[in-house]
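Let me begin by presenting the structure, written as structure tokens, before commenting on it.
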Amino acid sequence: MEGQFREVIRQKILDAIATSMVHTTRRDVRLPAVPNKAIAIIGMRRAGKTTLLWQVLAARLAEGMAREGLLYFSFEDERLIGMTAADLGIVVDEYFRLYPEWRDGKRPAFFFDEIQTIPGWESFARRLLDSESVELFLSGSSAKLLSRELASAMRGRAMEALVMPFSFREYLRHRGREPVGNASRLVKAHRSVLEKDLKDYLSEGGFPEAQGIAPIDRLDLLRGYVDIVLLRDVIERHSVTHPWALRWLSRQLLGNPGGSFSISKFHNDLKAQGIPVAKDTLHAYLAHLEDAFLFRTLSVATNSERRRMVNPRKVYPIDTGFISVFERAGRANTGHALETCVALELMRRGADIAYVRNDDGSEVDFLVNNLDEGRSLIQVCVELDSPDTIGREVRALLTAAEQYPDARLQVITMTPEVARDIPPQISVQSCVNWLLSTPGSVMPGKESRRKTKRTRKGSE
């Protein structure tokens, strides 16, 4: 059996090294630069994890690394069925037999995709980091390579890089329309085009495969994404005993983006219909769905753990394209889509976010703690064209500011030009400008990795 694997692995290595680079839309994903750590590319299925591996490989090649020092190896191959952790060493052995000059004298980069299909891969990855001088990148479907499990599986030997569907900037880049320079200084005609692009993005979402296809095909595609996540990443993986309740829960969450959700209320709704599902089971289902990156949840901003637990959470799908799939009333739902878009962008930027519930019952969409920019209170609304809307948004911000006096106050809207009578301490920003306010983050370059290598040698 080992001989059979060895022959297949050797041929896969030769084929991979000979593979030419294919142009794909550059992703703005920051890769950690920490000595002697593997980089685990995580995220929902079909978000672009494999593509990112190839982009990192291409970036290393552009920096001057020889092609034979960059190995992409996918374990999703029927010829490797039955492979165990003990056989994984064959990949390393065969690589260094083919390219012995890269052992010890140089530092190759290994890109292992779908490695979670091999039982016991974690011990192999840790041993590889300990015994060889390599850069190691890991990726795989979220069925087994989940962020919550990764820390314990790798025992602190891996850092995570989260891949989400296209951001608005990446969406524009994919279409060849990414603006250059400061978006706030664009001419009116270009701005109008970007505003239409944003409305399309809110409706279509950012999954790479969903770009440029007919609406009916896109809805079927995205619905299929959700179905496979439920089946492979939750039902099969966790032996779910109430799949009907799980599906109802997922539809409830995806169909109410930005809305408040309470397990207790949902449990009571099921109970009223005679569906016997324990509340603890529903809490577990919610955690499984979030682990599979189907959505993200926000807790209320508070220092009290009890208040955090008893208050409803707000739920945002991982892509705005899911909203039109599960919107039961058939509405455009632009407001919730825009709020979801802002929430996801804040997460991409690495911000710590929560929502604020004031004592008078009003809410602020986001309390943002950012290491670079400090604290902000942000309201999101599509239009600021009526006194009632302005009054509601402003009152909630000013009330929250009494509790967070150091926070900057912001309103993000599609119609900043019509805003009137806004207090001077509140800034009003165009959502297009805000979404494009930071340039795409880049992968650590050659100089960053040189520092990493020197640090590693010094620590040894």
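For this structure, a couple of remarks:
- Residue in the range 154-176 that is open to solvent by less than 60 Å² (accessible area, probe 1.4 Å), modelled with pLDDT under 85 and not in a loop (DSSP other than H, G, I, E, B) present: yes
- Residue within the range 403-412 that is closer than 27 Å to Thr334 by Cβ, among the polar types (S, T, N, Q) and at pLDDT below 95 present: no
- All of (1) in contact (Cβ under 8 Å) with a residue 40 or more places away in the chain; (2) under 30 Å from Lys199 (Cβ atoms); (3) touching a helix residue (DSSP H, G or I) at 6+ places or on another chain (Cβ under 7 Å); (4) not acidic (Asp, Glu) hold for Tyr285 with one exception: (2).
- Within the range 332-415, strands (runs of 3 or more DSSP E) holding 1 or more residues that are of a type in the set (Lys, Arg) and more than 30 Å from Phe166 (Cα to Cα): 352-357
- Condition check for Asp291 on (1) open to solvent by 10 Å² or more (accessible area, probe 1.4 Å); (2) over 13 Å from the mean Cα position of the chain (by Cα): one failure, at (2).
- Candidates Leu249, Leu253, filtered to the one that is under 26 Å from Arg357 (Cα atoms), in contact with a strand residue (DSSP E or B) (Cβ under 8 Å, 6 or more places away or on another chain) and open to solvent by less than 50 Å² (accessible area, probe 1.4 Å): Leu253
- Test: residue in the range 298-313 that is exposed (fewer than 14 other Cβ atoms within 10 Å of the Cβ), over 21 Å from the mean Cα position of the chain (by Cα) and among the basic types (Lys, Arg): yes
- Those helices (runs of 4 or more DSSP H) lying entirely in the range 226-308 with at least 3 residues under 23 Å from Asp319 (Cα atoms): 243-254, 279-291
- From the list Leu145, Leu136, the lone residue that is assigned to a strand (DSSP E or B), open to solvent by less than 30 Å² (accessible area, probe 1.4 Å) and either farther than 26 Å from Gln4 by Cα or modelled with pLDDT of 95 or more (or both) is Leu136.
- Residue list for the range 18-48, restricted to those being among the β-branched types (Val, Ile, Thr), more than 19 Å from Pro439 (Cβ to Cβ) and in contact (Cβ under 8 Å) with a residue 60 or more places away in the chain: Val34, Ile39, Ile41, Ile42
- Considering residues of the range 354-394 that are over 19 Å from Ser304 (Cβ atoms) and acidic (Asp, Glu) only, the residue modelled with the highest pLDDT: Asp365
- Scan of the range 119-130 for residues that are open to solvent by less than 10 Å² (accessible area, probe 1.4 Å) and over 20 Å from Glu2 (Cα atoms), ordered by number: Leu129
Residues checked against (1) over 22 Å from Glu170 (Cβ atoms); (2) touching an Asp or Glu at 6+ places or on another chain (Cβ under 8 Å):
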residue	(1), (2)
Arg10	yes, yes
Met21	no, no
Lys37	yes, no
Thr50	no, yes
Val56	no, no
Ala66	yes, no
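- Total residues in the range 368-412 satisfying the condition of being among the polar types (S, T, N, Q) and either under 26 Å from Glu195 (Cα atoms) or without any contact (Cβ under 8 Å) to a residue 12 or more places away in the chain (or both): the figure is 5.
- Residue in the range 416-429 that is surrounded by fewer than 21 Cβ atoms within 10 Å (Cβ to Cβ), out of contact with any helix residue (DSSP H, G or I) (no Cβ under 9 Å at 6 or more places or on another chain) and touching a residue at least 40 places away in the same chain (Cβ under 8 Å) present: no
- Pairs with Cβ under 6 Å, 6+ apart, first in the range 109-124 and free of Cβ contacts under 8 Å to residues at least 60 places away in the same chain, second open to solvent by less than 30 Å² (accessible area, probe 1.4 Å) and polar (S, T, N, Q): Glu114/Ser74
- Any hit, the range 327-336, residues being of a type in the set (A, V, I, L, M) and either within 16 Å of Ser260 (Cα to Cα) or surrounded by 19 or more Cβ atoms within 10 Å (Cβ to Cβ) (or both): no
- Looking across the range 194-215 at every residue that is open to solvent by less than 10 Å² (accessible area, probe 1.4 Å) and assigned to a loop (DSSP other than H, G, I, E, B), the one that is farthest from Gly43 (Cα to Cα) is identified as Gly205.
The values are calculated or read from the model by the stated rules, or taken from the named source; none is laboratory data. What you see is a predicted model, and the numbers here were worked out from it, not measured in a lab. Using ideal geometry, Cβ is built from the backbone for each residue, glycine included, and neighbour counts are taken over all protein chains shown. Just so you know, the surface numbers come from the protein's heavy atoms only, side chains and all, with ligands and any DNA or RNA stripped out. Shrake-Rupley method; radii C 1.70, N 1.55, O 1.52, S 1.80 Å.
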